Amino acid sequence: MTVDNPTTGAGRPPGAASDRPTGPPTTGSTATRVLGVISLVGIAALVVLGVFLTPADAELGDTIRILYMHVPTVSTAYLAFVITAIASVMYLWKRTEFWDLLAASSAELGVLFFALTILNGMLWGKITWGVFWRWEPRLTTTAVLMLTYVGYLAVRQIPNDTRTRGTISAVIGIMAVVNIPITHKAVDWWRGLHQEKTIFGTVDPDMKGLQLFTAYLGLTVFLVLFSWLLIHRFRVAWLAERAADVGVDAAIAERRAERAVPSSAGGAS
Amino acid sequence: MQPRVLVFAGSNRSGACSGKVAALAVQLLAVEAVLAVAVAVFYDTTFRTPVLTVGVALVATVGIAAAGAVYGALAARLRSGTTLLPLLLLPLLAPVLIGATRGFEVALGREAGPGWPWVALLGIFAVVYLTLGALLFRPLLEDA
């Protein structure tokens, strides 16, 4: 497959559509580099503060250090899924590739951050409850939410034309977001073992001083990290679509060339 | 009947959606009625609060039918959609199934406490899924 330069169109096969949208040849830009540096410095600061400088909690002990990552990862995952739902609505309205790819990119990152949430939650569970996993309400609804979005990503991998794929995944992206408030409220609706309060109605409101600062720093850092990754993932998806377009165009051009050769040979004789 | 067939037969798209939901709900309620008799006979179960039992069954069924209609139309457009349908639908319906189970526990006297809040919660799920279904069925039929 010939993949030409998406910016200049150099190497584009004959018959290729020249009006297709093109993007930058790289996923990096000044803005993403700034976001990347902020993310890395922020993560380093969060590790130093969360692991070494903040005191242990009177009630939770050293397990509170897991919360400095747990709350940011789950909040970021929720945000990613909400962005997926909004982008899905916009796709059904505007029918542009931008919204479809944004929804897919955000869902992928949401699943990544949600998997991190489950992993660090399991570590907390092992220390606090003595087991990595219990089928209690919050954990069960969390696993269910994870499965919903894994299904969303699986559907996107099924070969289909882009419009059908976009419509089907948009419908799933919108329906799935209903499970977020259910997962969040599961602790209240179905009483379980999970911690009841955390930041924004979920980090312990008794947190003060350096603990509270670290918790909010974690949220900020993970939001910046998410923005950085989302821009890169979206641009990779965009370039992948352009590369696929070029492949289709090249195949069409080859078939046309094959058909043209025998007819011109027949005309000569 | 496939929703697309309903549209070709002259129904409008929202009519096809509500028809599909109604058909699924009737089928599910018929199965539930048979199961209720089986549970009463084989497990010697007494339905202490039949109104609550029927209430939970009705609203949970409407929620399941509404989500099932949308995902059924969606799966019909996918290769190996019939295999994927339960995998996609079950996580979406898990909260409804959990809520209905808790409601039935109260209705059957296995759990103490009020049962009607579960009916209200299931009613919210049903309204949300019905609304989303009505809105999303049209693009699914048109484009997918």
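The values are calculated or read from the model by the stated rules, or taken from the named source; none is laboratory data. Since we're looking at a predicted model, the values are computed, not measured. Please note: Cβ atoms are built from the backbone with ideal geometry, for glycine as well, and neighbour counts cover all protein chains shown.
Look at A:ALA115 and say whether it is buried (at least 21 other Cβ atoms within 10 Å of the Cβ) and within 21 Å of the chain's Cα centre (by Cα).
Here the answer is no, as A:ALA115 does not meet what is asked.
Residue by residue through the stretch A:146-165, note down the ones that are buried (at least 18 other Cβ atoms within 10 Å of the Cβ), facing chain B (nearest Cβ under 8 Å) and part of a helix (DSSP H, G or I).
Residues satisfying the conditions are A:LEU147, A:THR148, A:GLY151, A:VAL155.
For B:ARG48, all conditions in the list (1) exposed (fewer than 15 other Cβ atoms within 10 Å of the Cβ); (2) modelled with pLDDT of 90 or more hold save one; what is the number of the exception?
Evaluating B:ARG48 over (1) exposed (fewer than 15 other Cβ atoms within 10 Å of the Cβ); (2) modelled with pLDDT of 90 or more leaves (2) as the failure.
Out of curiosity, is B:ALA40 surrounded by fewer than 20 Cβ atoms within 10 Å (Cβ to Cβ) and either within 14 Å of another protein chain (Cβ to nearest Cβ) or modelled with pLDDT under 90 (or both)?
Working: surrounded by fewer than 20 Cβ atoms within 10 Å (Cβ to Cβ): yes; either within 14 Å of another protein chain (Cβ to nearest Cβ) or modelled with pLDDT under 90 (or both): yes.
Answer is yes for this residue.
Do the conditions hold for A:PHE52, that is, is it in a helix (DSSP H, G or I), without any contact (Cβ under 8 Å) to a residue 12 or more places away in the chain, farther than 19 Å from A:SER39 by Cβ and more than 23 Å from the chain's Cα centre (by Cα)?
yes
What number goes with the only condition from (1) surrounded by 19 or more Cβ atoms within 10 Å (Cβ to Cβ); (2) among the aromatic types (Phe, Trp, Tyr); (3) more than 12 Å from the chain's Cα centre (by Cα) that B:TYR129 does not pass?
(3)
What's the total number of residues in the stretch A:60-75 that are in a loop (DSSP other than H, G, I, E, B) and in contact (Cβ under 8 Å) with a residue 60 or more places away in the chain?
The number of residues fulfilling the criteria is 2.
Does A:LEU212 fit the bill of being away from chain B (no Cβ under 14 Å) and either modelled with pLDDT of 85 or more or crowded, with 20+ Cβ neighbours inside 10 Å (or both)?
Numbers: away from chain B (no Cβ under 14 Å): yes; either modelled with pLDDT of 85 or more or crowded, with 20+ Cβ neighbours inside 10 Å (or both): yes.
Spelling it out, A:LEU212 is indeed away from chain B (no Cβ under 14 Å) and either modelled with pLDDT of 85 or more or crowded, with 20+ Cβ neighbours inside 10 Å (or both).
Among the residues of the stretch A:124-143, is there at least one that is within 14 Å of chain B (Cβ to nearest Cβ), crowded, with 21+ Cβ neighbours inside 10 Å, in a helix (DSSP H, G or I) and at pLDDT 90 or above?
Taking every residue of the stretch A:124-143 in turn, none turns out to be within 14 Å of chain B (Cβ to nearest Cβ), crowded, with 21+ Cβ neighbours inside 10 Å, in a helix (DSSP H, G or I) and at pLDDT 90 or above.
Within the bounds of the stretch A:107-117, is there any residue that is touching a Gly at 6+ places or on another chain (Cβ under 8 Å) and either more than 11 Å from chain B (Cβ to nearest Cβ) or touching a residue at least 24 places away in the same chain (Cβ under 8 Å) (or both)?
yes
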